Every structure is written in C-alpha cells, then in structure tokens.
Amino acid sequence: MSQPATKAASGRDNAGLGPTLTFLFALSCGALAANLYYAQPLVSLMGSDIGLPVAAESSIVTLAQIGYAIGLVFLVPLGDLLENRTLILATMAANVVSLAGLAFAPGLAALFAGMLVVGATSCAAQMLVPLAANLAPEEQRGAVVGNVMSGLLGGILLARPISSFLADYVGWRGVFGLSAGLIAILALVSLALLPRRVPGGERGYWSLIRSLGKLFVEEPVLRRRGLYHAAMFAAFSLFWTAAPIVLLQDPFDFTPSGVALFALAGVLGVFAAPVSGRLADRGHSRIGTVAALSMVIAAFLVATYGSSLAALVIAAVAVDLGVQANLVFGQREIYRLAPNIRNRLNAVYMTTFFLGGAAGSAMASPVLQHFGWLGVCVIGMAMPGAALVYFALAEGTGD
C-alpha cells in the first residue's frame, strides 16, 4: 500500500484544489447527492400518482438509497483503477439520462427502476470526494474534505425544501427533470475544469470488488466508523422520511411548501462539516464522535413532544448537525489509512452507512402506521444509542 496514490497529469496533487475547483467539487457533490432526497417529502404525492399503498410509500426513498449502495460497491472502486475524470463524467452523463427517464416514468415498475438507477449513478459524488482528498496536501486534507462535504451535505439538506417548494409548481416529475438539467450543466463545466488523475492500482475489476469485503474485515477503523454512521444515517433517514408525512396530516396539515419551510431548519447542519473537518485535523475526532452521537439521541428525545412544532424544528436541526458532523469525523479517520485505496475505503464506508439509511427509510412508513410518532422517536434514539455503546466498548471516550 506504499505505492504512489496517483499519476496526475495536472500536477496539482500537492498544491490543493484552489477556490474555483473546490466550489465545483462541492456544488457537483451537492447536486448529485440531492437526487437521493428529493423524494423524501414527495413520497405521498408520488405514491398517490403512481398508485402505491400508503404503507409502502417510503420504499421509494429506500430504492434510491439501495441504488446508491450498489453504485458505491460496483462503480466507486473504479476510481482506484480507471482515470478519474473520465469515470466521473461518464457516471454523471448516465445520471442525467436516468433522471430524465424518471421524470417520464409511466408506472410503478418504471418509477422503481428509475429511482434505483438514479441512486446508483448519483454515486459520482463519492468519486469526487476521494479525488479532492488525493489532490489536497496532508495537513489540509480534513479541511478540504470538510469544505467539499459541506457542498454535498448542503445538497442533501436543501433537497427536501427545494423539492417540496418546486412540487407546488412543477409537480414531482418536474423536480427530477430540473435536476437532470442541473447535472448536465455541471458535467459540461467539469469537462472543462476537472483535473485528470490516473491511479496507480494494477489489479483487475473483480479483484478490486472482492477486496471491499476484505477491507471491511481487516480494517477495524473502517469497520467501526462505517457501523457508527450506519446507525446515525438510519436515524437520519427515519426522521426525514417520517416527519414530512406527519406534517402533511392533522394537526399540522402542512402544504408541500410548508414542509419545505420546515425542512430548511435542517440546512443548518451544513455548517457542521467544515467545523468538524478542522476539529478532526486537530485530533479531536473521538470526543467529536461522542458529542455527535449524543446530539442525535437528544434530538429524538426532544422530538417525542411531537405535537409541538417548535420541538420538531429543534430536533430537525440537532439531527442534521449531529449526523453531518459524525460523517466528516469518520471520513477524516478512514482517509488516513492508505492513500492509494481511498476510493475503495470511501466505497466501503459509504455503502455500510447507506445500507443503514435504506433500513431507516424503509421502516418509516410501517413504524409510523403501527406505532405512531412515538415509535419513530424510540427507534431513532435506540440506533445512535447502540452506536455510542459500541464506541465506548471499542475505543473508550478519551480524546
């Protein structure tokens, strides 16, 4: 693992990204990641349009996250094998096509297939993040990753209010059509600005894929960080899939635009990424992890006062802050393991916690239907609570 991480044609590996390229990375990551979350506040609209039973509506979000996990496993590792710029542009082009297909989906089967492929090709975001890490100097890597992740997380957090707001004017299909246009524009800009990076790996594709499971088993830091965030992301997905459903019903009776305003509360979570990156650079990842896990537990405790809109807003802010902070702490730790396999490390980390997110969104509708909002909150506390116990047993709480 000591071989050079890159044979860069651009010569920028040790010079950082620069503000223009950093902005492009952040904006592209945000736009791609947003594709997974546009549907969260729209599942009721999409389900009624397509004819999906109420208890199965959250499966729409789950399919996008499963697709993303598939992309993480089978596409992102190619960044350790193929020239990165070409790979990223090809994946973004496929994303544009799949988004356009989703916007015109005629029925349930096409909708499900479209969500799956949109999720898989949106993983181009996770090809950009390790490329940014490879281009950044070691002493600035946490800050650079934090800045790029702030764009990605901004996309995740803004996706809900943007889609809720736009749905009032262009419908849910228009939301995905507009996203296709945005990704197309970013792909064209990336064609002109994105630097080339030729990885130093020489193994074949299937050998590369098989190595993912080996990394999960043999790298304890990667395994622990992946599982911590799987629990956190499950809680995140559970909250943000269930909360819009509750807000659209009595006693709140929100419109989609009202849900959009509520979802803006979570956008404050974007500020956690750059701050967490800098704290990680200073060696505070462990205590930061404890704080992040505890914050999400406390958020769901506050959310048990489900009849109070103020309590739900406070919970939304705290959930997003804690989850986004923990994500950056985890990335900073895994990127320290081996520079020449960062795409695979990122793939394993992201796949692990996105499977957690898929589980969280999948259980949202049935838990809400059978156990109400209190059941959502109890499960939401239990998942980061289990991660906190695991952290204490595996690493202790000292900084």
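Take the stretch 197-218 and flag every residue that is surrounded by fewer than 19 Cβ atoms within 10 Å (Cβ to Cβ) and either touching a strand residue (DSSP E or B) at 6+ places or on another chain (Cβ under 9 Å) or acidic (Asp, Glu) (or both).
Passing the criteria: Val198, Gly200, Glu202, Glu218.
Conditions (1) surrounded by 22 or more Cβ atoms within 10 Å (Cβ to Cβ); (2) at pLDDT 90 or above; (3) farther than 16 Å from Val221 by Cα; (4) not aromatic (Phe, Trp, Tyr), marked per residue:
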| site | (1), (2), (3), (4) |
| --- | --- |
| Thr352 | yes, yes, no, yes |
| Ser361 | yes, no, yes, yes |
| Ser365 | yes, no, yes, yes |
| Met383 | yes, yes, yes, yes |
| Gly396 | no, no, no, yes |
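Taking only pairs six or more apart or across chains, which ones have beta-carbon atoms under 9 Å, a first residue in the stretch 32-58 that is on the phi > 0 side of the Ramachandran plot, and a second residue that is part of a loop (DSSP other than H, G, I, E, B) and among the small types (Gly, Ala, Ser)?
Gly51/Gly107
If the requirement is being farther than 25 Å from Phe262 by Cα and within 20 Å of the chain's Cα centre (by Cα), which of these qualifies: Asn84, Asn95?
Asn95
Please list, ordered by residue number, the helices (runs of 4 or more DSSP H) wholly in the stretch 1-112 having 1 or more residues that are in contact with a Gly (Cβ under 9 Å, 6 or more places away or on another chain) and modelled with pLDDT under 90.
Helices (runs of 4 or more DSSP H) meeting the threshold: 19-34, 43-50, 59-74.
Yes/no per residue for (1) in contact with a strand residue (DSSP E or B) (Cβ under 7 Å, 6 or more places away or on another chain); (2) within 30 Å of Lys214 (Cβ to Cβ); (3) at pLDDT 90 or above:
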residue: Leu312; (1), (2), (3): no, no, yes
residue: Asp320; (1), (2), (3): no, no, no
residue: Gln331; (1), (2), (3): no, yes, no
residue: Asn343; (1), (2), (3): no, yes, no
residue: Gly356; (1), (2), (3): no, yes, yes
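From the list Val275, Val290, pick out the single residue that is part of a helix (DSSP H, G or I), among the β-branched types (Val, Ile, Thr), at pLDDT 90 or above and more than 20 Å from Pro41 (Cβ to Cβ).
Of Val275, Val290, the one residue that is part of a helix (DSSP H, G or I), among the β-branched types (Val, Ile, Thr), at pLDDT 90 or above and more than 20 Å from Pro41 (Cβ to Cβ) is Val290.
Whether any residue in the stretch 229-244 is farther than 29 Å from Arg332 by Cα and at pLDDT 90 or above is what I want to check.
Among the residues of the stretch 229-244, at least one is farther than 29 Å from Arg332 by Cα and at pLDDT 90 or above, which makes the answer yes.
The values are calculated or read from the model by the stated rules, or taken from the named source; none is laboratory data. In this text, all values refer to a predicted model and were calculated from it rather than measured experimentally. Because the Cβ atoms are built from the backbone with ideal geometry, glycine has one as well, and the counts that use them run over all protein chains shown.
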